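Asker: Below you'll find the structure I mean.
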Amino acid sequence: MKHQALDQLRTVANVNPDQPRRQMSRSERLQRWAEILEQFPNRHLSTLHQTEYQPEAGRDIMRADNSPISVAFKDPVLRAAGMENDTYGEAKRFFELTDRELHKVICYCHFGATVNAATAARQIRSFYAEGKRGMFHRLRAAFLD
């Protein structure tokens with residue numbers, strides 16, 4: 001994926017930054033991400049290396065072509081809802097995930113160099129299911145992180 005500045009995009013596309021964003025709940029965003037990954041369940045996606053050992057600033061800018069995060073970023077619905085790029089930090093912010101949760105989806109230490117799209121989707125769906133358990137469960141998970 002080629003990254004371009006907003007000014008560069010205006011030369012090839014009609015860009016309207018004032019267009020209102022579609023409001024999606026956390027669970028809707030997670031569900032959409034899982035559905036996108038499940039469209040090609042056997043697809044091998046890139047992981048990020050040792051996310052748990054990176055300093056926060058370094059971890060937040062980590063990215064990889066053809067990762068579960070980049071697949072989400074390519075989706076026009078998630079972009080319209082406010083996903084701004086395909087970095088670890090943006091995925092954490094946009095999907096409202098803890099480092100522990102995102103680590104379970106994207107880190108090399110769990111899957112090696114690639115993760116199967118269906119496996120990543122299963123992990124994402126587990127966060128959606130956890131969200132249904134209530135606020136106490138999320139606070140507990142964040143505290144243990």
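Asker: So which residues in the range 80-96 are crowded, with 19+ Cβ neighbours inside 10 Å and in a loop (DSSP other than H, G, I, E, B)?
Answerer: Within the range 80-96, MET83, ASP86, THR87, PHE95 meet the criteria.
Asker: Oh, and also: For a quick check of your reading of the model, give me the residue pairs whose first member lies in the range 40-51 and is farther than 15 Å from THR87 by Cα, whose second is of a type in the set (S, T, N, Q) and open to solvent by less than 80 Å² (accessible area, probe 1.4 Å), with beta-carbon atoms closer than 6 Å and at least 6 apart or on different chains.
Answerer: HIS44/THR114
Asker: With the requirement that a residue be within 24 Å of ALA80 (Cβ to Cβ) and either in a helix (DSSP H, G or I) or open to solvent by 80 Å² or more (accessible area, probe 1.4 Å) (or both), what does the range 97-108 give you?
Answerer: Keep residues of the range 97-108 that are within 24 Å of ALA80 (Cβ to Cβ), which gives 97, 101-102, 105-106.
Selection gives GLU101, LEU102, VAL105, ILE106.
Asker: Could you list all residues from the range 24-79 that are among the polar types (S, T, N, Q) and assigned to a helix (DSSP H, G or I)?
Answerer: Residues of the range 24-79 that are among the polar types (S, T, N, Q), as a first pass: 25, 27, 31, 39, 42, 46-47, 50-51, 54, 66-67, 70.
Of everything in the range 24-79, those that are among the polar types (S, T, N, Q) and assigned to a helix (DSSP H, G or I) turn out to be SER27, GLN31, THR51, SER70.
Asker: A further question follows. Specify the residue that is surrounded by the fewest Cβ atoms within 10 Å (Cβ to Cβ); the eligible residues are those in the range 60-79 that are among the charged types (D, E, K, R) and over 11 Å from ILE36 (Cα atoms). Reasoning before the result, please.
Answerer: Of the residues in the range 60-79, the ones among the charged types (D, E, K, R) are 60, 63, 65, 74-75, 79.
Still in the list and also over 11 Å from ILE36 (Cα atoms): 60, 63, 65, 79.
Values: ASP60: 17, ARG63: 20, ASP65: 9, ARG79: 16.
Here the residue is ASP65.
Asker: On to the next question. If you go through the range 9-52, how many residues are modelled with pLDDT under 95, open to solvent by 100 Å² or more (accessible area, probe 1.4 Å) and over 18 Å from the mean Cα position of the chain (by Cα)?
Answerer: Matching residues across the range 9-52 total 7.
Asker: Consider the range 109-118. How many of its residues are assigned to a helix (DSSP H, G or I), closer than 11 Å to THR47 by Cβ and open to solvent by less than 40 Å² (accessible area, probe 1.4 Å)?
Answerer: We begin by selecting, within the range 109-118, every residue assigned to a helix (DSSP H, G or I); these are 109-111, 117-118.
Cutting the leftovers down to closer than 11 Å to THR47 by Cβ gives us 109-111.
After this cut, where a residue has to be open to solvent by less than 40 Å² (accessible area, probe 1.4 Å) as well, the list is none.
Total satisfying the criteria: 0.
The values are calculated or read from the model by the stated rules, or taken from the named source; none is laboratory data. Source: prediction; values computed, not measured. For neighbour counting, all protein chains shown are included, and Cβ atoms are generated from backbone atoms with ideal geometry for every residue, glycine included. To get the accessible areas, we keep the full protein, side chains included, count just its heavy atoms, and leave off ligands, DNA and RNA. Shrake-Rupley method; radii C 1.70, N 1.55, O 1.52, S 1.80 Å.
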